[in-house]
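**Student:** I have a structure I would like to understand better, so I am pasting it below and will then ask my questions one at a time.
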Amino acid sequence: MELWSAPHAIFGPEGVVQEGALLTDGKRVLALGERRALRARHPGARPRRFPTYLGLDAVNAHTHLDLGLGPAFRGPFMAFVLEAVFPRNAERGLDLARRAARAAPQPALGDIVARDPRTLEWWLAEAPFQGVAYWEVLGLLPPEEERSLVEATRALIRRMRRLERPGGPRLGLAPHAPYSLTPSLMRKAVELAREEGLPLQIHAAESPDELAYFRNRTGEIAAFHRRKGLPEDLHPVGLSPVAYLAELGVLEARPLLVHGVQVDEADVRVLAEHGVAVVSCPRSNQNLQAGLPPYPLYRRHRVPLALGTDSALSGGSLDVWDEVRFLLGRGEPAPRVLEAAVLGGARALGLGPRPISPGDPLSRVVGW
Ligand SMILES: [Zn+2]
């Protein structure tokens with residue numbers, strides 16, 4: 001028998017156990033608890049020490065498998081979109097998603113699926129993951145084209161829902177971001193998700209350019225819209241991205257908000273009031289020169305946090321433990337970071353969490 005232990009352990013929804021441990025025969029978990037108590041009851045067990053963590057696996061609450069693998073881009077957000085994402089859009093789809101899936105170590109993901117319905121079919125019918133596959137919707141379209149997009153999306157949802165497996169991943173909807181949908185398309189997408197009972201993810205308050213666009217129509221997103229000949233009054237001016245979503249009624253649907261970097265205390269309060277959780281992707285934010293979310297502010301207002309890698313193109317890897325190591329390296333408190341990665345992620349995707357119990361296979365346990 002072996003006694004595995006680590007400075008921090010998470011075995012279930014109660015959160016971090018300091019100096020947690022488990023007893024194992026090499027195949028199954030036999031007992032769980034605090035190291036000292038287990039050691040006293042089983043003095044003959046061979047010790048195995050993990051330097052940081054032991055327990056439930058983390059959840060990668062936000063990624064884009066269909067963008068494939070890295071290397072990670074480094075540079076401002078719009079340069080990333082124009083130089084890394086747009087060139088890959090042509091091949092974006094099932095083949096890239098399958099390749100990325102082999103490099104995604106966590107068994108539960110919140111994945112954004114764009115453009116190719118075959119990727120969604122694969123996700124729901126056979127992908128080896130739990131979690132949510134969110135179909136991406138975006139467009140700054142004239143009313144007629146917008147109506148057809150909504151109807152096509154509704155038809156796709158109805159067709160795809162039939163592929164959901166019992167206990168398998170669920171279908172979700174991802175209106176891409178406040179600046180990439182008209183207010184009416186954003187409202188219709190959220191309404192559609194409500195009617196169909198689908199979970200939502202929205203990228204918001206990510207880059208300084210997004211904030212500048214909503215505040216006063218400056219920055220690279222505003223410049224891009226101008227180059228495209230889009231009208232200046234597509235969106236209201238003078239609000240933060242979070243305030244805009246609140247005013248539109250989107251936060252009532254409690255979407256998962258991805259990034260949440262460009263927020264002030266008023267924004268954080270609004271998110272807390274609506275019970276909205278934030279998925280943070282810190283390595284992606286750093287690579288795209290967005291800064292990092294104000295974690296202490298989120299903790300103070302009790303906004304639930306989860307972690308995601310974002311795409312490998314911006315995050316670098318599809319292993320969410322790399323996000324944890326990144327944050328620990330920056331001095332963020334280990335118990336809170338680990339809880340976000342494990343419990344926050346599971347709650348964000350509606351996965352429980354299901355605690356580790358005596359008798360469970362050792363494959364349910366990770367240690368590092
Ligand atoms: Zn993303």
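The values are calculated or read from the model by the stated rules, or taken from the named source; none is laboratory data. Keep in mind that this is a model prediction, so the values were computed, not measured. Every residue, glycine among them, receives a Cβ derived from its backbone with ideal geometry; neighbour counts consider all protein chains shown.
**Student:** Counting only residues that are within 16 Å of the ligand (Cβ to nearest atom) and under 18 Å from Pro169 (Cα atoms), which one in the range 82-105 is surrounded by the most Cβ atoms within 10 Å (Cβ to Cβ)?
**Tutor:** Ala97
**Student:** Right, here's the next one. Would the range 292-305 turn up any residue that is more than 16 Å from the ligand (Cβ to nearest atom) and β-branched (Val, Ile, Thr)?
**Tutor:** yes
**Student:** Hey, which of the helices (runs of 4 or more DSSP H) in the range 14-110, taking only ones fully inside, have at least 3 residues that are assigned by TED's automatic domain parsing to the domain that holds Gly315?
**Tutor:** Correct list: 77-80, 86-89, 94-101.
**Student:** Could you look through the range 306-357, keep only residues that are within 16 Å of the ligand (Cβ to nearest atom) and of a type in the set (S, T, N, Q), and pick out the one that is nearest to Glu83 (Cα to Cα)?
**Tutor:** Ser314
**Student:** What number of residues in the range 188-220 are within 23 Å of the chain's Cα centre (by Cα) and within 20 Å of Asp267 (Cβ to Cβ)?
**Tutor:** Result for the range 188-220: 13.
**Student:** Based on what the data block shows, is Val250 assigned by TED's automatic domain parsing to the domain that holds Leu318, away from the ligand (no atom under 16 Å from the Cβ) and in contact with a Leu (Cβ under 8 Å, 6 or more places away or on another chain)?
**Tutor:** No, not satisfied.
**Student:** For the range 5-43, what are the residues that are of a type in the set (Val, Ile, Thr) and either out of contact with any Pro (no Cβ under 7 Å at 6 or more places or on another chain) or surrounded by fewer than 17 Cβ atoms within 10 Å (Cβ to Cβ) (or both)?
**Tutor:** Listed by number, the residues that qualify are Ile10, Val17, Thr24.
**Student:** Which is touching a Pro at 6+ places or on another chain (Cβ under 6 Å), in contact (Cβ under 8 Å) with a residue 60 or more places away in the chain and assigned by TED's automatic domain parsing to the domain that holds Gly249, of Gly344, Gly308?
**Tutor:** When all the criteria are applied, what remains is Gly344.
**Student:** List every residue pair whose Cβ atoms lie under 9 Å apart, where the two residues are 6 or more positions apart in sequence or sit on different chains, the first residue falls within the range 110-121 and is at pLDDT below 95, and the second residue, located anywhere, is assigned to a strand (DSSP E or B) and buried (at least 24 other Cβ atoms within 10 Å of the Cβ).
**Tutor:** If the second residue must be assigned to a strand (DSSP E or B) and buried (at least 24 other Cβ atoms within 10 Å of the Cβ), no pairs are left.
**Student:** Moving on. Can you tell me which residues in the range 111-134 are part of a strand (DSSP E or B) and surrounded by fewer than 24 Cβ atoms within 10 Å (Cβ to Cβ)?
**Tutor:** Across the range 111-134, the qualifying residue is only Gln130.
**Student:** Let me ask you something else. On the basis of being among the acidic types (Asp, Glu) and either within 16 Å of the ligand (Cβ to nearest atom) or within 30 Å of Ser311 (Cβ to Cβ) (or both), does Glu14 make the cut?
**Tutor:** no
**Student:** For the range 279-292, enumerate the residues that are surrounded by fewer than 24 Cβ atoms within 10 Å (Cβ to Cβ), in a loop (DSSP other than H, G, I, E, B) and within 17 Å of the chain's Cα centre (by Cα).
**Tutor:** Leu292
**Student:** In addition: Go over the candidates Pro199, Pro241 one by one and state the one that is within 16 Å of the ligand (Cβ to nearest atom), crowded, with 23+ Cβ neighbours inside 10 Å and touching a residue at least 60 places away in the same chain (Cβ under 8 Å).
**Tutor:** Checking each option against the conditions leaves just Pro241.
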